[in-house]
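Input: a single structure, listed below in structure tokens.
The values are calculated or read from the model by the stated rules, or taken from the named source; none is laboratory data. Note that the structure is predicted; figures quoted are calculated from it, not measured.
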Amino acid sequence: MGDTVAFPHILIKPVEVEIAVLDRDSTVYDVEAGEPMGQATRIETFTIKAQIHWKKEEVVEAYPGGAREDSKGYIVVLSRDLSKIGQTIKRGDRIQKIAGEDMDLYVLGSVTDPHWSATKFVKYIFADRHPVKQQGDL
């Protein structure tokens with residue numbers, strides 16, 4: 001009793017995910033809608049290993065900030081991997097490729113709860129929708 005087992009912080013079946021970072025300074029936003037207007041600007045891309053979870057059906061999910069109706073799934077990354085490359089993933093960043101396949105997915109936000117932060121994993125919810133006032137790629 002009292003002994004603890006240390007679990008390695010590993011991802012299950014990780015794949016390469018390419019993220020395009022939204023240039024928040026150069027992108028014009030609709031203040032009321034809280035979304036980019038016109039063409040969003042991307043400043044750089046980076047690749048990171050992630051575990052992918054695709055939803056099997058459309059369901060409404062409850063989150064601290066309210067319901068998320070149109071998420072398509074999530075990626076899980078190790079926080080140390082983000083730190084190593086000096087990157088963060090934020091709402092509005094675009095997932096361009098998963099395992100070498102072109103994608104058009106957008107990060108809605110991250111989930112922070114004690115389980116995920118204690119194990120050094122970060123979970124990012126994504127969707128494939130375009131904001132209302134956005135033209136073309138977000």
How many residues are at pLDDT 90 or above and assigned to a loop (DSSP other than H, G, I, E, B) if we restrict to the stretch 104-116?
-> 0
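Residue-by-condition table, conditions (1) in a loop (DSSP other than H, G, I, E, B); (2) under 27 Å from Ile10 (Cα atoms); (3) at pLDDT 90 or above:
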| site | (1), (2), (3) |
| --- | --- |
| Thr27 | yes, no, no |
| Ala33 | yes, no, no |
| Glu44 | no, yes, yes |
| Ile48 | no, yes, yes |
| Ser71 | yes, yes, no |
| Ile75 | no, yes, yes |
| Leu82 | no, yes, yes |
| Lys97 | no, yes, yes |
| Asp102 | no, yes, yes |
